[in-house]
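Notes follow the structure.
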Amino acid sequence: MELKKIQPYPIIVKLLKVENSPPISGQIRKLTSVGFMVDIENFFLKVGEEFKCDFSIPISHFQIHEAVKVVKTLDRFKDITTKDKIHIIELHFKSLSSEGRKAISQFTSSINQTEK
């Protein structure tokens, strides 16, 4: 039986601010039990804003549907010649369930990522 190698990152995430608003799509670059770092194009989020996040953890396919809060924002150029920016956002879980915390911990352990 051949094992298929799965890339742990990026993880596709949807952020929803309020009901009936279009979701904001992003790519999680680092996930911990505290929160995650996500790249978002074409949207600017402010520190203190709150969202509902929705994503699936690779390997286990555990679904995370949790409230998160923006704690830090950074900008980086995707391409310096075109001046396209990527917004890097750090979000923290407001109250992660014990099942979600366990699933994230198992995922980070399986990819040998240490929590810092």
For the stretch 11-108, list log₁₀ I(q)/I(0) at each q in 0.11, 0.15, 0.17 Å⁻¹, using the Debye formula over Cα point scatterers of equal strength and ignoring solvent, two decimals each.
-0.32, -0.58, -0.73
Pick out, in residue order, every one of the trypsin sites (Lys or Arg not before Pro) in the stretch 1-69 that is DSSP loop and has at most 15 other C-beta atoms within 10 Å; say none if there are none.
Lys4, Lys5, Lys17, Lys46
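Can you give the extra length, in nm with one decimal, that the chain gains between Lys83 and Ser21 once fully stretched, where that is 0.36 nm per residue apart less the Cα-Cα distance?
Values: separation 62, 0.36 × 62 = 22.32 nm, distance 2.82 nm.
Full-extension gain reported as 19.5 nm.
Counting other beta carbons within 10 Å of each residue's own, what order do Ile12, Ile88, Ile57 fall into, fewest first? Present the calculation step by step, with values, prior to reporting the outcome.
Values: Ile12 12, Ile88 16, Ile57 20.
Ranking Ile12, Ile88, Ile57 by Cβ neighbours within 10 Å, fewest first, gives Ile12, Ile88, Ile57.
With each run of n ≥ 4 DSSP H residues scored as -39500 (n - 2.57), what mean residue ellipticity at 222 nm is computed for the chain after dividing by its residue count and rounding to the nearest 500 deg cm²/dmol?
Computed ellipticity for the chain at 222 nm equals -3500 deg cm²/dmol.
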Taking the DSSP beta bridges in the stretch 11-108 as the whole, what percent of them are antiparallel, to the nearest 5?
100
The chain: angle of helix 98-110 to the longest principal axis, Cα-based, in degrees nearest 10
80
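Could you give the length gained on full extension between Lys102 and His65, defined as 0.36 nm per residue of separation minus the Cα-Cα distance, in nm?
Going from the current span to full extension adds 11.9 nm.
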Find how many whole Å separate the alpha carbon centroid of the stretch 38-80 from the alpha carbon centroid of the stretch 92-116.
16
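Read-outs throughout are calculated quantities, based only on the coordinates presented, and are distinct from any laboratory measurement. Since the structure is predicted, the reported quantities are computational estimates derived from the model, not experimental observations. Positions of Cβ are backbone-derived with ideal geometry, glycine not excepted, and every protein chain shown enters the neighbour counts.
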